[in-house]
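The values are calculated or read from the model by the stated rules, or taken from the named source; none is laboratory data. Just so you know, these numbers come straight off a predicted model, no measurement behind them. Virtual Cβ from ideal backbone geometry, glycine too; neighbours counted across all protein chains shown.
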């Protein structure tokens, strides 16, 4: 228990940087607008900086944190006071980070996450590492509310480190093209603020038609893919640099990061689900990554943490057994029946047509986009082949594929809701889509499997109900196994 | 499979939904009216008006008459000490099961139209999702709310 304290003064600077980061585009625009008159812009920049600095110092002065009666209390706000009281029983994850600025002063940033959507970030942006550790040990308790015996807590059970070679392989195969592409897209969208409209038009009207050719289209596609691959390589390398996973009695501690070092503390009883993800670049090499869902707030998309970035598929079960034993038993009992195959295929055809048709009409050489059709159909087949679901006493396994093959292991007691969905086309074929949601971030994380047979879907639906008792229905079960068999036959 | 949930939404819900559907459809009428008001020169052909007006008319009929009825017809719910069981959806039928001990809070909400008919929506929130049982009678909504919150309290587990 300690009395109200201020952060390290560096917090004033991090606050300023945070504001700049949050309003980056506005500030850049402001610069461009005022760039004509040098005196005005200089004065403008100086006054903006001054205002930011003053507000940074004020917010540092008005920010205090304390631990009272097992409650983390943060009071902040220059004009509007905002008080956050978090009781330690509610804390999901404690996230300790150190950015470049913090590391120069030997400081860290502490973020405390609870479940629920209405609470705001409880973030202390600059305190010494000792203070952070002290804070952490005060806030970590067992479920009875008593402070954990520190000795038992500190007993290290497992220690995993990502070797340099594995780090490079992780980065090579990360394939987070989506993120990299969006970065490139953002860069290009900023381009029009640098180039004037006349220049762009001139370029579009004279240079492009003269130089355009199949080769150019081809090379530019290759160039963009290579560039985004390079970005995703570097991004992954920086993110997972020095990755270590330590397993203690009651919690997991993950450290990672080159420039921004991050330390995550995740209590075991806060883990909502585990995902085994085999990306398309990793699958051929029998590699996977393991992802953990916890219920922290903040990120809209859900609160996923990489539990381990790269692992051989064959070692996954052993790893899960040692690290998260509650999730070590993936079971597959039912698959979509054969009549579901055409729905899987049609779906991918429709999705790819929604890209191909606009490309055909609006892009030069867009008709080549038709070559996407075959990979799309193959992907649809792979999605059909890989979809599987199973239950044992306490946990549910759902395996499905978008591009990457994802196996989710979910404990029954963590399921927030289960849904069955059926559209008229599915009704005609007695097929249903099955969906479960666990808490993760603001909106939770959902896992679904499409086109299950009605009886199978109903079985897994009923299983979620707390009053479910396993009933012996040999007839129904044997038919399911038979279905599974025919599917595996068609695979080989 | 468990049998379908048994409880239904009161029939007065259809009336309330018709009125709110009609009010919403009025906004769609703003488009052709605005076009007619600003088109003083008569640039827009008559057939354009005809197409737009018939489209808006179709929307009006749909959201005032058809959708409220079929929505009411589909809605089913059940609440027992273990779970909340919901079934709804016009075209895509969705059946949802929420274990009661996952419920974080329940509240009842009503706008002016629902209040006029003595109806109230019940909103059920878990740590991940939010579900709504629409247009129950005020009395029943209160009962349902208290029932769920009592059951949720009894089975309190942390996330």
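Some observations on this one:
- Within this structure, residue A:242 fails the test of being assigned to a loop (DSSP other than H, G, I, E, B), within 14 Å of chain B (Cβ to nearest Cβ) and either crowded, with 16+ Cβ neighbours inside 10 Å or at pLDDT 90 or above (or both).
- Qualifying positions in segment A:399-414 - surrounded by fewer than 21 Cβ atoms within 10 Å (Cβ to Cβ) and within 14 Å of chain B (Cβ to nearest Cβ): A:411, A:412, A:413
- Residue in segment B:64-75 that is part of a loop (DSSP other than H, G, I, E, B) and under 20 Å from residue B:140 (Cα atoms) present: yes
- Restricting attention to segment A:269-287, the residues that are over 15 Å from the mean Cα position of the chain (by Cα) and within 13 Å of another protein chain (Cβ to nearest Cβ) total 2.
- Every condition in (1) modelled with pLDDT of 70 or more; (2) crowded, with 17+ Cβ neighbours inside 10 Å; (3) in contact with a strand residue (DSSP E or B) (Cβ under 6 Å, 6 or more places away or on another chain) is met by residue A:480 except one, and the failing one is (1).
- Any hit, segment B:85-92, residues being out of contact with any strand residue (DSSP E or B) (no Cβ under 7 Å at 6 or more places or on another chain), surrounded by fewer than 16 Cβ atoms within 10 Å (Cβ to Cβ) and not in a loop (DSSP other than H, G, I, E, B): no
- Scanning segment B:66-84 for residues that are surrounded by 16 or more Cβ atoms within 10 Å (Cβ to Cβ), within 14 Å of chain A (Cβ to nearest Cβ) and touching a residue at least 24 places away in the same chain (Cβ under 8 Å) yields B:76, B:77, B:78, B:79, B:84.
- Options B:128, B:152; residue that is at pLDDT below 90, part of a helix (DSSP H, G or I) and more than 20 Å from residue B:6 (Cβ to Cβ): B:152
- Filter result for the condition that a residue is surrounded by 17 or more Cβ atoms within 10 Å (Cβ to Cβ) and part of a helix (DSSP H, G or I), over B:56, B:106, B:48, B:122: B:56
- Residue in segment A:83-100 that is farthest from the other protein chains (Cβ to nearest Cβ), counting only those that are surrounded by fewer than 16 Cβ atoms within 10 Å (Cβ to Cβ) and more than 17 Å from residue A:251 (Cβ to Cβ): A:100
- Scope segment B:89-110; condition without any contact (Cβ under 8 Å) to a residue 40 or more places away in the chain and more than 8 Å from chain A (Cβ to nearest Cβ); matching residues: B:90, B:107, B:108, B:109, B:110
- Here the condition is being away from chain B (no Cβ under 14 Å), assigned to a loop (DSSP other than H, G, I, E, B), farther than 23 Å from residue A:326 by Cβ and out of contact with any strand residue (DSSP E or B) (no Cβ under 8 Å at 6 or more places or on another chain); of A:259, A:233, it holds for A:259 alone.
- Residue within segment A:151-169 that is surrounded by 15 or more Cβ atoms within 10 Å (Cβ to Cβ) and either within 14 Å of another protein chain (Cβ to nearest Cβ) or at pLDDT below 85 (or both) present: yes
- Test: residue A:78 is closer than 30 Å to residue A:134 by Cα, in contact with a helix residue (DSSP H, G or I) (Cβ under 6 Å, 6 or more places away or on another chain) and at pLDDT 75 or above: yes
- Filtered by the rule that a residue be crowded, with 20+ Cβ neighbours inside 10 Å and farther than 30 Å from residue A:159 by Cα, segment A:302-353 gives A:334, A:335, A:336, A:337, A:340, A:344, A:348, A:352.
- Filtered residue count, segment A:415-445, keeping only those that are at the interface with chain B (Cβ under 8 Å from one of its Cβ atoms) and out of contact with any helix residue (DSSP H, G or I) (no Cβ under 8 Å at 6 or more places or on another chain): 11
- Every condition in (1) in a loop (DSSP other than H, G, I, E, B); (2) at pLDDT 95 or above is met by residue B:42 except one, and the failing one is (2).
- Pick from segment A:448-470, criterion touching a helix residue (DSSP H, G or I) at 6+ places or on another chain (Cβ under 6 Å) and outside any helix (DSSP H, G or I), ranking: nearest to the other protein chains (Cβ to nearest Cβ): A:468
- Sole exception among (1) more than 10 Å from chain A (Cβ to nearest Cβ); (2) over 17 Å from residue A:437 (Cβ atoms) for residue B:123, by number: (2)
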